[in-house]
Amino acid sequence: MKTLRSIAIASLVATSFTAGSAIGAQQFVTIGTGGVTGVYYPTGGAICRLVNKGRKTHGVRCSVESTGGSVYNINTIRGGELDMGVAQSDWQFHAYNGSGKQAFIDAGPFKELRAVFSVHPEPISIVARKDSNIKHVSDLVGKRVNIGNAGSGTEATWNVLWKAMGHTNKDLKLAAQMKSSETPGALCDNKIDAFFWLVGNPAALNKEATTTCEANFVAVDGPAVDKLVKKFPFYGTTVIPGGMYRGNPDDVPTFGVLATFVASTNTSADTIYAVVKSVFDNFEDFKKLHPAFGHLAEKDMISKGISAPLHEGAIRYYKERGWM
């Protein structure tokens, strides 16, 4: 008979396997997401929920890790510490091509990066205190702005936009880099004038800010935005719908990217096939798992925002469905 000590040791050994290690008939994989208050975390959770539902059939067991977001996820996949992750379509492109962010340039093209599918649109949201009189992104000069976590895709996109407008962060009174979960409180406590991020709507933090204090969304359009959208196919213009948030009755123009699901060639085709099949064989259930998924269309998810080659396992499934 096994002693409690031997059982404990066996349990410890089992849990010491890294993400992606096979234990018996099961394959354990980890999805990198973002902060728990954003949409990336529930996106990873929704995918894992459907994967784990069918684990007895395909042998894949999925877990979610809250991370710093797009850039962190891509770099950690590249380092072999994550199997899959959620990332903005622009940073998927730059990582694959070794462009954009200096860290991607220094590391060189990540040619093993693979797209799996795209998910929800991620428009730029700039939420400002109404008494700050910030109506347009150009009004941020001289203001206190949270620009995103250091090293995040949000910060990187802010830098692209702000530079395209001819500015540096020295043109701000404060370039704050608080966690996204801290920004509504900081806004309503008058510690910042506005916060910037990319997120699927409706978003909990946007709702928190607009219900806790008087706050408005800021228009992000104009010649600099037009040039970015024309130059880079992973960007697109959109609006934040009027009436979605308290005190914001009108559509607000902006632009943004798509959230995408990525992996690398180090994650096996069989594993990716099982994940993709779990999502698309249960697509109506998937759409119900978060409001940001409500208007997703299957074919758009394999054609829009795909700025790296598709993974072999994803291609296998899409061909079976006659989508390719």
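The values are calculated or read from the model by the stated rules, or taken from the named source; none is laboratory data. Predicted, not measured: the structure shown is a model, and the values here were computed from it. Backbone-built Cβ (ideal geometry, glycine too); neighbour counts: all protein chains shown.
Any residue at all in the range 119-134 that's closer than 15 Å to Asn75 by Cα and of a type outside the set (Gly, Ala, Ser)?
The answer is no, given that none of the residues of the range 119-134 is closer than 15 Å to Asn75 by Cα and of a type outside the set (Gly, Ala, Ser).
Working only within the range 33-88, note down all residues that are in contact (Cβ under 8 Å) with a residue 40 or more places away in the chain and among the hydroxyl-bearing types (Ser, Thr, Tyr).
Thr33, Thr37, Tyr40, Thr43, Ser63, Ser70, Tyr72, Thr76 - these are the residues of the range 33-88 that are in contact (Cβ under 8 Å) with a residue 40 or more places away in the chain and among the hydroxyl-bearing types (Ser, Thr, Tyr).
Ser125 - would you say it is at pLDDT 95 or above and surrounded by 23 or more Cβ atoms within 10 Å (Cβ to Cβ)?
yes
In this structure, is Lys207 at pLDDT below 95 and among the charged types (D, E, K, R)?
no
Suppose we filter the range 184-199 for residues that are among the aliphatic types (A, V, I, L, M), modelled with pLDDT of 95 or more and part of a strand (DSSP E or B); how many remain?
So the answer is 1.
Tell me the residue from Gly256, Gly294 that is crowded, with 19+ Cβ neighbours inside 10 Å and closer than 21 Å to Pro241 by Cβ, please.
Of the residues listed, the single one that is crowded, with 19+ Cβ neighbours inside 10 Å and closer than 21 Å to Pro241 by Cβ is Gly256.
Of the residues that sit in the range 153-183 and are among the hydroxyl-bearing types (Ser, Thr, Tyr) and closer than 17 Å to Phe234 by Cβ, which one is modelled with the lowest pLDDT?
Going through the qualifying residues, I end up with Thr154.
Pro202 fails exactly one of the following numbered conditions: (1) modelled with pLDDT under 95; (2) surrounded by fewer than 18 Cβ atoms within 10 Å (Cβ to Cβ); (3) not in a loop (DSSP other than H, G, I, E, B). What is the number of that condition?
Going through (1) modelled with pLDDT under 95; (2) surrounded by fewer than 18 Cβ atoms within 10 Å (Cβ to Cβ); (3) not in a loop (DSSP other than H, G, I, E, B) one by one, Pro202 breaks only (3).
Any residue that is part of a loop (DSSP other than H, G, I, E, B), touching a strand residue (DSSP E or B) at 6+ places or on another chain (Cβ under 7 Å), assigned by TED's automatic domain parsing to the domain that holds Ala219 and more than 16 Å from Trp197 (Cα to Cα) - is there at least one of those in the range 171-180?
yes
If you go through the range 132-170 one residue at a time, how many are part of a helix (DSSP H, G or I) and of a type outside the set (Gly, Ala, Ser)?
Of the residues in the range 132-170, 14 are part of a helix (DSSP H, G or I) and of a type outside the set (Gly, Ala, Ser).
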